[in-house]
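Here the structure comes first, spelled out in structure tokens, and everything after it is commentary.
The values are calculated or read from the model by the stated rules, or taken from the named source; none is laboratory data. A quick note: this is a predicted structure, and the numbers were derived from the prediction, not measured. Cβ sites come from the backbone with ideal geometry, for glycine too, and all protein chains shown count toward neighbours. Accessible surface is based on the protein model in full, side chains and every heavy atom, while ligands, DNA and RNA are left aside. Shrake-Rupley method; radii C 1.70, N 1.55, O 1.52, S 1.80 Å.
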Amino acid sequence: MSRSNLYLLLITTVIGLLSSTSKSLRFELESGHTKCIAEDIKTNSLTVGKYSIVNPHDGQPLPDSHKLTVRVTSSYGNSYHNSERVESGQFAFTASEAGDYMACFWAADHKPPVTLNIDFDWKTGVAAKDWTNVAKKGSVDVMELELKKMYDTVISVQEEMNYLREREEEMQDLNTSTNLKMAWLSFLSIAVCLSVAGLQVWHLKTFFQKKKLI
């Protein structure tokens, strides 16, 4: 394989892997409403986010009605970012706990209602690194930079696989525990049914014996 083909393969692979750890979107938010976006992040992963309200009138300041309240929390309820009545902002942190992280956007109620267009860019893991600064500080050429990206991406994928394996083991343990409880519940239900049936037979036999029918 030639150097150029290898270079193209590396770039394609890196872009494909990074795309799974980067979320960039634009959405609408009506005043008085809340919209939340979730991202599954593993422990010790770097995550960065940037958000801004799209100006409906270029060249003019945003109206007073175009303000956001943004909060980023973990699945355990811990707060990692909180901004009130802002037009734009950003956050960056290293996740101290694994699970779903929620970025919630709220726009204050307004009469008449207004609709805000919001640009939101959320990156985690390898995608959250500022590779431009890495290249400048290290004075590396393009190929070496891509190799550094590839190495970090492989490490990230390995950590992600280990994380998923741990989650799978937890789910298997939960399934085993649930199946065991269901088995005991089924056994108990059968025992209760047999006991009730036995009592009914005994009661009927006693009744017929008293009536001297048997």
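Annotations
- VAL192 part of a helix (DSSP H, G or I) and at pLDDT below 80: no
- Selection of segment 163-187 for residues being more than 30 Å from LYS42 (Cα to Cα), of a type in the set (A, V, I, L, M, F, W, C) and either open to solvent by less than 100 Å² (accessible area, probe 1.4 Å) or not in a helix (DSSP H, G or I) (or both) yields ALA183, LEU185.
- Test: residue in segment 131-140 that is modelled with pLDDT of 85 or more and open to solvent by 50 Å² or more (accessible area, probe 1.4 Å): no
- Qualifying residues in segment 73-95 (those that are of a type in the set (A, V, I, L, M) and not in a loop (DSSP other than H, G, I, E, B)) - the one farthest from ILE41 (Cα to Cα): VAL86
- Scanning segment 41-65 for residues that are in contact with a strand residue (DSSP E or B) (Cβ under 8 Å, 6 or more places away or on another chain), surrounded by 15 or more Cβ atoms within 10 Å (Cβ to Cβ) and closer than 21 Å to TRP122 by Cα turns up ILE41, SER45, LEU46, THR47, VAL48, GLY49, LYS50, TYR51, SER52, ILE53.
- Any hit, segment 88-95, residues being out of contact with any Leu (no Cβ under 9 Å at 6 or more places or on another chain), open to solvent by less than 30 Å² (accessible area, probe 1.4 Å) and touching a residue at least 40 places away in the same chain (Cβ under 8 Å): yes
- ARG26 exposed (fewer than 12 other Cβ atoms within 10 Å of the Cβ), of a type in the set (D, E, K, R) and closer than 29 Å to THR153 by Cα: yes
- Residue that is nearest to ILE155 (Cα to Cα), among those in segment 96-116 that are in a strand (DSSP E or B) and open to solvent by 60 Å² or more (accessible area, probe 1.4 Å): ASP100
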